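The values are calculated or read from the model by the stated rules, or taken from the named source; none is laboratory data. No experiment lies behind these values; they were computed from the predicted model shown. When we count neighbours, we look across all protein chains shown, and the Cβ atoms used for this are built from the backbone with ideal geometry, even at glycine. To get the accessible areas, we keep the full protein, side chains included, count just its heavy atoms, and leave off ligands, DNA and RNA. Shrake-Rupley method; radii C 1.70, N 1.55, O 1.52, S 1.80 Å.
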Amino acid sequence: MYTRRVMSADELRHVLADLRHRGGDSTLVEVKRATGGCPRLTETLCAFGNMPDGGLVVLGVDEKQGFAIVGVRDVAVLEAGVCAQARTVVPPVQVEFDTVALDGKDVLVARVLGLPSADKPCRTGGRAYLRQADGDYSMSDPEVAQLVALQDRPRYDCMPVERSSTDDLDPDLLHAFLAGVRQSSRRLADEPDLAVLDAKGIVHGTNLALAGLYGLGQYPQKYVPSLSVTAASRPAGAGVRLGDLAHFDGPVPDLLDLSVEWVARNTRQAVVYTPDGHARDQPEIPPTAVRELVSNALVHRDLSPRTQSKSVEIRLLPDRLVITSPGGLWGVSRDQLGTPRGKSAVNEFLYDTARHVRTNDGRRIVESEGGGIGEVRTALREADLPDPVFIDTGVSFTAIIYRCEPGGPTPAASPTPDAVARTSTNAALVWQAIGTATATAADIERRTGLTRRQVAYALASLADAGFVAVDGGQGDRSTTYRRLPPE
């Protein structure tokens, strides 16, 4: 039975606070001022209709003023305008509305429901759209094909890899896999090696199946180069420049080990003292959480030919760790992740293979049945970090671990004058105007002679680089700004 979700004032405030921290719209939220009537939304409505969980359109909030609440009038007229545009999408998308009172003004929230898989992709003007970051983009033919393929259970991990053979299997991984299978299955305990490999989907005729190559192969990238991981860090103040850029290859166990080691190498270690007085190193991001999310990205990624130019990507930003894999969820919703109902393997044979394979530290690739996300949340809370954020677009899946509470201090080193100046044109002037205490935007305008927009842009760039903390909400004239780290 479908239960109608109602947006509360507190929930909307939380959504807007996150957008202020981001400095723009998000994959799941589009904000419009809408004081002049209903804005054009057809591409956005189409994009949200193609998203697994739909999305929110918030009318009555001004992004250019730091997501200030401006409110709307004639709510019924706005609702009719949104519905009229929703009906131009083919097939039409469904929209639910909530009117939320914030700061004495009405804000209209339109919740666009994602279409059933059988109806995707929807189109407007002959084009299918999807959300990416803070915008709507026209889907490519392979992305359209990915959505269509989600109508049926994927079976790409059991497809043969031409020219491959059992000679391409890693001997150590193969030995451990066979031992694990025989120990867990009475039926296969006395079967010959080839019969076990056939029963477990490792081979397909004379070739390796994709699950066997990816999970147990000596060098899977010989046949499918995209079965790899790219990792890059962007230090605070580096702009678009990247720090430690790495490309990892090998089978799944190697990819997992290398990825977890890379994250540990590029994040901080804190010294903490146990009750008995002994000091120990505590990683900034719990390795358990990193390991589980990277493992999920590797094992549950889309293995179809349409994604064979896409690898798993890891990005370490000043305030967050982002792990993105090709393909969306299958057979489970984003809200079900970490719950008893949140069990669904996109690649059944690969998932089963991973259950019997261990990394160099002796741990299995898949440690538990469906409980991994719960373990991630527990580990992050014990480290005083926020719960992970999951974004499913249908053609990609992203997991985000914030390295601090959104809007709070980031683990950046003390910025140099050059690093501050590189963030934006007026950043150095604004940084100087903040001083060693705190300052409001009005204080900075008065001290620098810059316009409100120039100050807002410089503050946003400094905050994004981890050089400035925002105490309050951007757009609120009482909000104060302070340097990070404190001098």
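Annotations for the structure displayed:
- Taking each residue as 0.36 nm, the span from residue 358 to residue 162 lengthens on full extension beyond its C-alpha to C-alpha distance by 67.9 nm.
- Largest accessible area first, the residues 356, 21, 247 order themselves as 247, 21, 356 under a 1.4 Å probe with ligands, DNA and RNA left out.
- Among the listed pairs 200/222; 32/120; 64/105; 64/120, those beyond 29 Å (Cα-Cα): 64/120
- Helix 75-86 vs. the chain, principal-axis angle (Cα, 0 to 90°, nearest 10): 40 degrees
- A straight chain from residue 453 to residue 140 at 0.36 nm per residue would run longer than the Cα-Cα distance by 109.1 nm.
- The 1.4 Å probe gives accessible areas that order 424, 333, largest first, as 333, 424.
- Summarising the label geometry, the points placed 7 Å from Cα in the beta-carbon direction at residue 194 and residue 222 lie 2.0 nm from one another.
- Largest-first ordering by accessible area, 1.4 Å probe, given options 403, 234, 268: 268, 234, 403
- Gained length - residue 245 relative to residue 117, 0.36 nm times residue gap less alpha-carbon distance: 42.4 nm
- Rounded to 0.05, the FRET efficiency of the residue 230 and residue 90 pair, given R0 = 51 Å and the Cβ-Cβ distance, is 0.90.
- In terms of packing, defined here as the mean over residues of other Cβ atoms within 10 angstrom, the peptides 449-456, 104-111, 346-353, 427-434 line up highest first as 346-353, 427-434, 104-111, 449-456.
- Three principal axis extents of the stretch 153-208 based on alpha-carbon atoms, in descending order, are 30, 29, 16 Å.
- Between the Cα long axis of helix 287-299 and the first principal axis of the chain there is an angle of about 70°, rounded to the nearest 10.
- Only helical runs count toward this figure. For the chain, summing -39,500 (n - 2.57) over DSSP H runs of n ≥ 4 and dividing by all residues gives -9500 deg cm²/dmol at 222 nm.
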